[in-house]
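Quick notes on the structure that follows.
The values are calculated or read from the model by the stated rules, or taken from the named source; none is laboratory data. Computed from a prediction, not measured in an experiment: that's the story for all the values here. Note that we place each Cβ from the backbone using ideal geometry, even for glycine, and neighbour counts take in every protein chain shown.
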Amino acid sequence: MAGQKKKKKGLRRWIRKHKAASTVIALFLICILTVSGVIGAIAWGVYHNSIGIVDPDDVDPTADQVQIAREEQKDDDVVNVLLVGSDSRDPNAEMGRSDTMMLVSFNKAEEKATVISFLRDSLVEIDGHGQSKLGHTFAYGGVGLTINTINKQFDLDIQNYIIINFENLVGIIDELGGIRVNLTEEEAEYYRANGMPDIQAGDVTLTGSQALAHARNRSLDNDFGRTRRQRSVLYGIYNKVMENKDPQAVMSLITYCMGQVSTNMSVTELYDIATDVLSIDHLRTQQAAVPQEGTYEFGTYEGMSVINLDLEANKEYIKELLY
């Protein structure tokens with residue numbers, strides 16, 4: 001128990017020291033801290049509904065909850081986890097569509113961490129469903145179908161996931177007293193015309209509902225702008241949490257946050273990743289979006305606005321980033 005407390009303190013010190021690190025990676029590490037520290041009953045409640053990993057031949061891609069197809073790990077030093085933000089507003093599916101798909105990758109040998117956003121409008125082949133948007137996989141068959149599709153289309157080996165419903169961010173942000181986000185003049189003008197009359201450009205404090213609207217906004221541009229705004233909201237949450245100097249209060253908030261997510265990773269797996277990250281003095285971080293600039297074009301498919309991408313070019317791009 002004493003050793004575990006020592007490691008918790010060490011992780012808190014690491015987070016304070018690396019405030020410039022990638023936002024999503026920092027939040028992911030906070031999740032690791034919580035899972036490794038809470039009591040067994042809480043930890044069990046986080047992941048007891050996890051999706052199973054089975055041989056590819058045993059996967060039914062048309063099931064309501066598709067199981068994850070087993071993939072051989074490409075590099076023993078590289079851990080890949082899919083962070084999925086679900087949008088429960090989708091009227092066509094009870095579980096909702098995947099509003100955000102981010103690959104969080106940790107390369108122990110090269111001491112680097114990478115976050116890659118997959119654009120949900122990307123047109124891909126989905127087993128059992130034909131061609132459709134990547135973001136539809138979550139509604140069609142849950143996180144298992146999302147993972148299987150990304151693995152097959154981009155030659156990846158993802159086996160683990162963390163899911164959060166962005167609706168749950170409202171309460172978290174309000175509990176924090178709002179978050180600071182930088183808005184462009186175009187964004188501020190749009191929000192003033194859509195229910196936020198006092199919003200100005202620059203660094204502003206947003207309530208939970210305002211931050212959620214910002215994270216979902218794609219009216220001004222496209223999914224590339226949307227993912228940038230989603231990251232800005234996560235960055236605001238991260239910064240606000242780090243402002244709190246009371247470790248007990250921070251841990252209380254994190255424990256609450258973990259009650260809003262689900263994962264198929266065990267306490268041991270999460271704790272081992274945290275230990276590996278803590279052993280690195282200077283973790284290199286990078287962020288990217290797929291498709292890569294210059295490897296796609298906007299189009300339509302069966303009445304839908306989609307992104308047509310060069311799969312081979314993006315496979316190579318991802319490989320260069322992760323390995």
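Just a few scattered comments:
- Sole exception among (1) surrounded by 13 or more Cβ atoms within 10 Å (Cβ to Cβ); (2) modelled with pLDDT under 85; (3) in the same structural domain as Gly85 (by TED's automatic domain parsing) for Ile318, by number: (2)
- Candidate set: region 267-312, residues that are loosely packed, with under 15 Cβ neighbours inside 10 Å and small (Gly, Ala, Ser); chosen: the one modelled with the lowest pLDDT: Ser279
- The lone exception for Phe138 - which of (1) part of a loop (DSSP other than H, G, I, E, B); (2) of a type outside the set (D, E, K, R); (3) within 27 Å of Asn217 (Cα to Cα) it fails: (1)
- Taken across region 142-157, residues that are in a helix (DSSP H, G or I), over 19 Å from Leu212 (Cβ atoms) and over 21 Å from the mean Cα position of the chain (by Cα) do not occur at all.
- Among the residues of region 218-250, those that are farther than 27 Å from Gly294 by Cβ and at pLDDT 75 or above comprise Val233, Gly236, Ile237, Lys240.
- Just so you know, in region 187-225 the residues that are among the aliphatic types (A, V, I, L, M) and in a strand (DSSP E or B) include one that is nearest to Met101 (Cα to Cα), and it is Leu206.
- Output for region 155-179, where each listed residue is more than 30 Å from Gly52 (Cβ to Cβ) and modelled with pLDDT of 95 or more: none
- Single residue of Met102, Met95 found to be modelled with pLDDT under 90, closer than 30 Å to Glu302 by Cα, assigned to a loop (DSSP other than H, G, I, E, B) and touching a Phe, Trp or Tyr at 6+ places or on another chain (Cβ under 8 Å): Met95
- Filtered by the rule that a residue be under 17 Å from the mean Cα position of the chain (by Cα) and acidic (Asp, Glu), region 217-231 gives a lone residue, Asp223.
- Residues located in region 179-228, provided they are touching a Leu at 6+ places or on another chain (Cβ under 6 Å) and among the small types (Gly, Ala, Ser): Ala201
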